[in-house]
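What follows is a single structure, written as structure tokens, with notes after it.
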Amino acid sequence: MAALGRLSQALRSSLTQSRRPLSAAAAGHGHGEHSAKTWKILTYVVALPGVAVCMLNMYLKEQNHSHEQPEFIPYTHLRIRSKRFPWGDGNKSLFHNPHLNALPDGYEGHDE
């Protein structure tokens, strides 16, 4: 039992000693200023050019994108309506796009 008490006391003293130097080092001046400067540089050198490259990539892909309506294929497992939607006419989803989202019997406004 005495050995357990000495072990717990040794652990407690080693934990308190390891905490003191960390808090003393953090209290030093200039540490926060250096990391703030590093993050500011990283923001301007890495993050903003990365966002610009992503925007350029999206713009170029949109220019080459086909804006034709996809062909309607009446698969039986797609567009199943076992229960009506609680908005509108009950047949269209909440974010319905008549150009891209087909209804169970085809696209809107086309008599094919």
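The values are calculated or read from the model by the stated rules, or taken from the named source; none is laboratory data. Quick caveat: nothing in here was measured; it's all calculated off a predicted structure. Glycine gets a Cβ as well: all are built from the backbone with ideal geometry, and neighbour counts include every protein chain shown.
The test for being modelled with pLDDT under 80 and surrounded by 10 or more Cβ atoms within 10 Å (Cβ to Cβ) does not hold for His67. When region 21-43 is limited to residues that are surrounded by 10 or more Cβ atoms within 10 Å (Cβ to Cβ) and of a type outside the set (A, V, I, L, M, F, W, C), the one that is modelled with the lowest pLDDT turns out to be His31. When Ser13 is tested against (1) surrounded by 10 or more Cβ atoms within 10 Å (Cβ to Cβ); (2) of a type outside the set (A, V, I, L, M, F, W, C); (3) at pLDDT 85 or above, just one condition goes unmet, and that condition is (3). Set side by side, the residues Ser66, Ser35, Ser82 differ, and just one is free of Cβ contacts under 8 Å to residues at least 24 places away in the same chain, hydroxyl-bearing (Ser, Thr, Tyr) and outside any loop (DSSP other than H, G, I, E, B), which is Ser35.
Just one of Ser93, Ser82 is among the small types (Gly, Ala, Ser) and either in contact with a Pro (Cβ under 7 Å, 6 or more places away or on another chain) or surrounded by 10 or more Cβ atoms within 10 Å (Cβ to Cβ) (or both); which is it?
Ser93
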